[in-house]
């Protein structure tokens with residue numbers, strides 16, 4: 001189970017490097033309103049809502065989503081909270097896309113891949129990339145929290 005996260009991360013990094021494109025699940029909607037984001041995510045069925053506050057279960061959800069043991073969630077949450085001090089663009093609430101940019105909506109593609117201004121894909125507003133915001137924090141903290149990454 002623990003190796004699934006490492007396998008997923010490895011495959012995602014290689015695929016993103018080779019194709020220089022984001023997967024549909026890489027796109028995430030960021031919002032300061034937990035209620036609005038949660039309602040829209042729940043109604044569409046195309047977004048998975050995450051609450052990254054200390055009282056939320058976002059970190060455990062991320063670990064479970066990727067098939068890793070959620071027992072490391074408190075350690076990773078502490079690392080995420082620390083990272084938010086130096087990078088306030090890290091979202092407290094976000095919804096990860098589940099095929100929103102694929103064939104279900106106007107054919108293949110991604111929501112933000114063609115945006116020439118890549119800086120806006122990690123600024124904590126609108127559509128961001130999971131692998132440019134949340135994932136690096138998790139990967140940096142994973143070894144110290146007992147989550148294998150390789």
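Tabulated values for the structure
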read-out	value
Single residue of 94, 25, 66 found to be touching a helix residue (DSSP H, G or I) at 6+ places or on another chain (Cβ under 6 Å) and either within 27 Å of residue 147 (Cβ to Cβ) or at pLDDT below 80 (or both)	66
Members of the stretch 44-63 that are under 21 Å from residue 148 (Cα atoms) and surrounded by fewer than 17 Cβ atoms within 10 Å (Cβ to Cβ)	57
Count of residues meeting criterion [modelled with pLDDT under 80 and either crowded, with 20+ Cβ neighbours inside 10 Å or under 18 Å from residue 129 (Cβ atoms) (or both)] in the stretch 30-40	1
Residue check, residue 16 within 20 Å of residue 77 (Cα to Cα) and at pLDDT below 75	no
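The values are calculated or read from the model by the stated rules, or taken from the named source; none is laboratory data. These numbers were taken from a predicted model, which means no experiment stands behind them. Neighbour counts are summed over all protein chains in view; Cβ atoms, including those assigned to glycine, are modelled from backbone coordinates with ideal geometry.
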